[in-house]
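Read-outs throughout are calculated quantities, based only on the coordinates presented, and are distinct from any laboratory measurement. Keep in mind it's a predicted model, so treat the numbers as computed, not measured.
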Amino acid sequence: MPHEGTRWARQLRSGGLDRTTGRDARRANIAAGRALAATLRTTLGPAGRDKLLVGTDGLAVVTNDGASILDRMEIEHPAASLLYDVASKQAEQVGDGTTTAVLLAGALLDEAEDLFELGLRPGTITAGYHRACDRALETLPTLTLGGEPTDRETLVAVARTSITGKWSEPEATHIAELAADAVLAVRDDRRVDRHRITLQGVPGGSPGDTELVDGLVIDMEESSATADEAIHLPRRFADARVALVDAPLGVRKASATRAVTVEDADGLDAVTAHEESQLREQIERIADAGTDAVFCQQAVDDVLRSRLVRRGILAVERTRRDEMHKLARATGGTLVADIEELARDNLGRAGVVERRRLAGRGLTIVRGNAESEQVSLLLRGGTQHAIDETRRVVRNCLTVVTLALLYDDLLPGGGATEVALAADLRDFAVGLDSREQLAVEAAARALEAVPRTLAENAGLSPIDVLADLRARHDGGDATVGIYAADGSIADIAARGVVEPLAVKRRAIAGATEAANVLLRVDDVVAARGGDARGHDHDHDHGIGDDHGRHRHGSYPWAIGH
Ligand code: ADP
Ligand code: MG
């Protein structure tokens with residue numbers, strides 16, 4: 001059946017049908033949800049295929065990341081939009097499991113169609129799905145692996161599983177190691193301060209050239225590195241004093257008509273006596289405080305910069321506000337709004353301030369002290385788009401590693417957990433009344449969409465694989481799943497395919513909730529003008545900040561629960 005969702009969506013949009021009600025509405029919702037899930041099917045797992053997406057800006061992106069694909073797809077049908085919401089929340093909160101969530105929701109809707117055919121009412125189906133979900137969430141903790149999840153090797157495995165299929169094998173392994181090391185570097189007993197990990201994109205190279213730097217990396221872009229700096233400044237200041245200034249440095253020009261450049265000796269002469277005294281005052285103040293490096297949130301004029309350099313002081317201009325705050329935290333320095341306030345006791349202390357050039361860019365690396373350890377990941381890639389894609393995947397990966405480190409509860413991936421949950425649900429269903437039993441069994445089959453799809457994408461027979469998996473789980477091998485790299489059915493945990501419990505929990509709960517909302521709705525109104533896709537992925541969200549962040553308290557177009 002060619003995508004019914006699309007057809008319905010087109011009818012909705014055509015203006016002839018701005019509103020669908022009753023069974024039609026339900027059919028349209030189910031079709032749209034299934035169509036969206038079908039779009040992501042082929043991307044699941046390490047053998048998942050990439051998609052080529054062209055944005056409205058005309059730029060192409062190649063990715064198999066569920067969240068990325070959804071973000072770039074034009075989603076119009078309210079039902080698809082609701083699944084999009086589930087997926088984006090999933091990525092935001094737990095960093096992984098997006099495709100699983102959408103796939104599972106799609107499978108629940110698939111199954112619901114059959115249940116409708118059998119004469120089950122929506123209320124019965126949603127009640128059954130709800131029970132199945134509760135049961136699965138209770139069962140999840142019993143499936144976790146023992147061992148010592150907090151060691152580096154395990155964290156690398158978690159990271160590796162979460163970014164599976166995103167890059168080539170060696171690149172993915174390299175980035176997984178960096179992600180684990182970054183989180184370990186800023187962990188503080190049972191806390192991980194994500195603000196101490198900076199993601200800095202440096203165009204050029206490939207994702208595999210990404211590196212982890214001990215310290216906060218400030219990108220000076222094109223500004224810095226005059227010949228003067230090479231001669232007068234050390235590449236590395238040990239135990240440096242750092243000034244943080246939020247005010248323009250240099251002369252306040254009476255007129256901006258005369259540009260004074262460092263190289264231009266006559267230009268220097270042209271500095272007026274008044275300006276000269278201003279400059280001197282600032283330089284003396286900075287030098288007297290014992291400054292080795294001054295970071296300025298605003299502009300630093302070239303004359304002042306050049307003179308500071310001659311006195312062995314590094315001046316970095318236009319440092320971003322968030323970086324200024326990170327610098328303050330890392331060095332214990334105070335941000336002053338007026339150069340007059342600058343004094344020795346409001347300077348910060350850095351273990352090391354180091355200058356480095358990478359791909360034509362000047363970077364300054366500031367290492368704090370032990371308690372305020374900062375690390376930076378220098379993300380590399382051929383284009384800004386590639387870097388942005390890397391940034392998003394790495395950010396999600398850091399979230400997953402953090403969850404693993406904080407909660408010690410890993411589950412086997414590769415479909416093993418879903419098979420175990422499905423088996424449990426079938427046992428559980430036996431005790432229920434006949435109609436609900438059907439719905440719970442349907443939920444069990446829906447969960448098996450994960451191993452089925454992993455098998456399909458790995459070129460295996462889903463039927464054979466599922467039969468094999470069920471039999472082996474029945475025989476007590478609870479960690480047997482599909483090892484997609486070589487298509488074997490194996491102890492997946494032993495092969496390092498492991499995921500934090502929170503990822504599965506969130507995917508199952510989110511998918512069930514979305515499917516149930518869609519099954520209950522019997523009136524769809526395509527609301528105009530509302531932006532249902534208002535999430536901003538470009539913020540670093542801490543772990544567990546999932547309370548009340550959802551912009552839409554309710555779904556305005558989902559009427560008639
Ligand atoms: P995405 O990150 O693309 O949104 P998901 O995280 O939802 O996708 O799903 C990825 C699936 O691939 C999970 O079920 C995970 O267990 C599985 N997986 C990851 N690595 C492997 C592997 N090496 N072998 C088999 N399955 C894997
Ligand atoms: Mg994933």
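A few comments on the model shown:
- Listed by chain and number, the aspartates and glutamates placed with their C-alpha closer than 20 angstrom to that of LYS51 are ASP65, ASP71, GLU74, GLU76, ASP96, GLU169, GLU171, ASP388, GLU389, GLU456; residues fewer than eight positions away on the same chain are left out.
- Residue separation of SER168 and THR142 scaled by 0.36 nm, minus their Cα-Cα distance, works out to 6.0 nm of gained length.
- Full-extension gain in nm, SER434 to ALA494, via 0.36 nm per residue minus C-alpha separation: 17.7 nm
- Rounded if a/c under 1.5, otherwise prolate or oblate - the range 59-156, Cα gyration tensor axes: oblate
- For the range 164-246: rounded, prolate or oblate by the Cα gyration tensor [a/c cutoff 1.5]: oblate
- Cα gyration tensor category, rounded, prolate or oblate, for the range 103-209 with a/c compared to 1.5: prolate
- Globularity index of the range 116-159, i.e. its alpha-carbon radius of gyration over 2.2 N^0.38 Å: 1.97
- Percentage, to the nearest whole number, of Cα pairs in the range 415-515 over 21 Å apart: 35 percent
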